[in-house]
Structure formats: structure tokens, C-alpha cells
Amino acid sequence: MLGTKQLQTDSDRRELKSHGSYQFPVYVDCKKLSSYERSAFNWHWHPEIELTLFLEGGMIYQVNDKTYHVREGQGLFCNTNALHAGYMQDNEDCRYVSITFHPRMVYGFEGSLIQREFADPILRNLAVGSRLFTGKEAWEREILADMKTIFEEMEQEKETSPLLIQECILRIWRNLFESGISGNPENEAAAEGRDVERIRQVLDYLHGHYAEHITLEQIAGQMNLCRSESCRFFKKYMKQSVFEYLQNYRIEKSIALLSEERYSITEVALLCGFASPAYFAKIFKAQMKCTPMNYRKLCRARGGQEMEEAEETVPTEAGR
């Protein structure tokens, strides 16, 4: 089954979606993994902190070099600017709540004591990408309860909801800080930070050159490693080979082009870096379970249905 949306990012994989307003930089959304194309949200990052509460089912959730098999009732902290992605596990759907907020919801204003002593030790530690909340510890249960409260308050939109939401965010942060999340040894944190930055550099290169022929030598040059070490390093972090990732990214870019009518199937294949339309069709069918042409037909049908539904909501002259 085809999802109805894709995660929108820029060329650096920074998510483009607004995460609240300047006046109240908090965004809460209840989602299903199946609502995305290919039932997955691909690698991206954003400067906001993200908390995820898993309501039903489970998924494979990756943050930087860590992979979590999350389940119903659990929660996850994803730090500012951390690379993350989520996929179905055993074709099981997942319903979850995503809570994103700007770090200033914690520290208030630049240069504050709260920022220096309690926020920056976590925010600026590149080794602190994520933390799973299973509910086994009392402080984890408090965090999960506060995440649920944030979701409920955002839905109810009571006059005092913003106050209670900020109170929950501050209590979550205090529990995180007291859990020792920022306590990585300095040399270990620096090494992990370099690794994350190295992965970002190679992803930037792949995203900027996916339409071209890319060699292992070029990728290794981005990492300043030999070919074999660059392949091992990439697979350790991304849980797939460089060219598996590149194929997936090319298919992702082709989906947007196929939904339009400007390009032929052959043109889409070449624009997305495939050597031939036949190879593109083979990879596309393996991933999407249909041919590029059939996918385009489904997009047309879906677009027509959405247009009909929109027309039905337009009031007639008699109803105005």
C-alpha cells in the first residue's frame, strides 16, 4: 500500500517542516508509519529536539550509529541535529506521537545559567544522539507520563496548556540531565562527534551528486579513509552499504518526479542517476512492488480522487 506523503528535506537532509512558532516553538503530531511513502521516514535532521512516544506497534528507529527496536509504551529522545530515520519492522505498522521543540524551551535566553550548566552539556555533546525510555526506571516512567501529558494538552488547547507543556518539557530535561546522559568521557565524546560529522559529510556528497556516476574512490575521499575502511565505517553507522543507501535515495527522488507529468520514465531514470531505464524499473519494482509506470498511474488516480473529494466540500450556490 502506498503512503500519502514524503518527508520534506533540503539538499542537506534538514527537515523543512515548521516545528511550532517563534512565540511557542513546540510541535506535536500523531502519525502512522504507513502514511509515508514506503512506510518509512528516511534519514534527516533538524535543530529542534524530538521526543517520540510509541502508542501502537513498533518500528526500527535509527539515530546516528544506534539502532532501536522500539515497542508500544516506550519513548525516545533524539538530540538536536542528530541524524535519524524510522522503518517498519516485520511489516507491522506503528502509531506514534512526535514532539519537537526548540532548545530555548529549556534554557530561555542565550547565555543563561540554565543553558550553560544544564542544556549545553547535552546539546553540544555530539556523542549524545539519543536515549531510549523503556519505563523500567522511575525517572523513565516520569518522562513517558510527561510526554503523554504534552500530547493531551496540545490536543485540548486549553488556555493554560502552554504553561503545562513547558513545565513538562523542563521536568523531562531535568530527568534526562540527572540520568547522567551527558557524562561521556571527553575523548570518547570527541571521537563520536568526529564520526557523526564524517557521516554527514559523505551524506552531503551523496545527496549533491546522486544524479551522477559515483565511485568508491570519491566516497572514500570524502571520509579521508581507504575504500575498504570507508565501506565498513558507513555500514556501521547506516546499517546498509553505501550503494544500498544511494539506490534508496535515488528511488526516493524518483518518486517525486513520477508524481508529476513533466518527465518521461526514461528522463526520470537518468535524472536520478540510473544508468538505464531498465535498471531503474528493476530497482523501483523491488522496492515499491510496482513498476514506475504503474506508480505514475496510481498517482494520477489518487490525485483525481483527492480533487473529487475537494470539490465535494465546495458549497453550492444554494448552500451558501
Note on region 128-172: residues more than 17 Å from L76 (Cβ to Cβ) and of a type in the set (A, V, I, L, M, F, W, C) are A138, M154, L163, L164, I165, L170
Every residue in region 22-51 that is of a type outside the set (F, W, Y), over 16 Å from V128 (Cβ atoms) and assigned to a strand (DSSP E or B), please. V26, V28, D29, C30, K31, K32, A40, N42, H44
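So is E153 modelled with pLDDT under 90, outside the structural domain of S276 (by TED's automatic domain parsing) and not small (G, A, S) or not?
no
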Among residues of region 283-304 being part of a helix (DSSP H, G or I) and of a type in the set (K, R), the residue nearest to F41 (Cα to Cα) is K285
So which of L206, L258, L271, L225 ends up being among the aliphatic types (A, V, I, L, M), touching a Pro at 6+ places or on another chain (Cβ under 8 Å) and surrounded by 14 or more Cβ atoms within 10 Å (Cβ to Cβ)? L258
Are any residues in region 149-173 surrounded by fewer than 15 Cβ atoms within 10 Å (Cβ to Cβ) and closer than 11 Å to I99 by Cβ, and if so, which ones? none
Criterion violated by Q115 - all others in (1) under 23 Å from Y237 (Cβ atoms); (2) touching a Phe, Trp or Tyr at 6+ places or on another chain (Cβ under 9 Å); (3) of a type in the set (S, T, N, Q); (4) not in a strand (DSSP E or B) satisfied: (1)
So which residues in region 244-282 are more than 26 Å from D204 (Cβ to Cβ), among the basic types (K, R) and in a helix (DSSP H, G or I), if there are any at all? K282
Quick one: how many residues across region 204-214 are more than 17 Å from Y279 (Cβ to Cβ) and either assigned to a loop (DSSP other than H, G, I, E, B) or modelled with pLDDT under 90 (or both)? 1
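The values are calculated or read from the model by the stated rules, or taken from the named source; none is laboratory data. Because the structure is predicted, anything quoted here is derived from the model rather than measured. Every residue, glycine as well, gets a Cβ built from its backbone with ideal geometry; the counts of neighbours run over all protein chains shown.
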